[in-house]
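Enquirer: Got a structure here, written out as structure tokens. Questions coming.
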């Protein structure tokens, strides 16, 4: 009984495999003439193999198109990677520009307070930290090159004639008489200092392309172009002194540069609307108050 069942199972299995391998002929004939055009010899197994292979190739081709061609942008859920990168870069630039505008506004506000003699608290400057940079891992210890440079600089300025025991530095009490000012330009004064007329400086006419020089050691705190006074450069000196140079043709220094007395900082010019010809408008301020430059230097 058992043997007969096993025999029947084997016959069914062999018959199923044989049906898969049975050969069939596919004919394509002319309906009117019954002429044979094409003939294919097929089996069920061959049809399954060919169909499965085509399905696998179709899946692979579709995956390749989605992964490596721009056609994936038309499929819901996929976005353009380059577009996302551009959006990120634009966002980063806009954040940097916003920060720079805030710094510029704070810088101009500080310059205004310096010129009018107001005091300001550095803790309330409202500076925005640059979050795009990580300063936690910076090594602030002086390097060998920095130490050698400091020693060389200290050796060079040790016998500097412009600094002596009567000269002053920021933070010390000072008087005008203790500082030796240099004239920024040699020329003819055409308009004198006049507080009543709101003319807070001197108009000096000189030769064309003459260099405008720093009246004393200091730091450039402002460089810009204005409609009325053209190219302007402002220097902050030790002891709350500020010198202003207006109507320049070209500025040779940038904000933040340190200059020595007599260093060229600009070229005399005729820029701005409030000018009648090539000249330098020079102002000298002390503790936020304009003073007459003629009283402290010879032009």
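The values are calculated or read from the model by the stated rules, or taken from the named source; none is laboratory data. Source: prediction; values computed, not measured. Every residue, glycine as well, gets a Cβ built from its backbone with ideal geometry; the counts of neighbours run over all protein chains shown.
Quick grid of which residues meet (1) assigned to a loop (DSSP other than H, G, I, E, B); (2) farther than 30 Å from residue 221 by Cα; (3) at pLDDT 80 or above; (4) touching a helix residue (DSSP H, G or I) at 6+ places or on another chain (Cβ under 7 Å):
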site: 47; (1), (2), (3), (4): no, yes, yes, no
site: 62; (1), (2), (3), (4): no, yes, yes, no
site: 65; (1), (2), (3), (4): no, yes, no, yes
site: 78; (1), (2), (3), (4): yes, yes, no, yes
site: 87; (1), (2), (3), (4): no, yes, yes, no
site: 94; (1), (2), (3), (4): no, no, yes, no
site: 115; (1), (2), (3), (4): no, no, no, no
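Enquirer: If you don't mind, there's one more thing I want to ask. Pick from 209, 134: which is assigned by TED's automatic domain parsing to the domain that holds residue 259, within 39 Å of the chain's Cα centre (by Cα), part of a loop (DSSP other than H, G, I, E, B) and modelled with pLDDT under 85?
Expert: After ruling out the rest, the residue left standing is 209.
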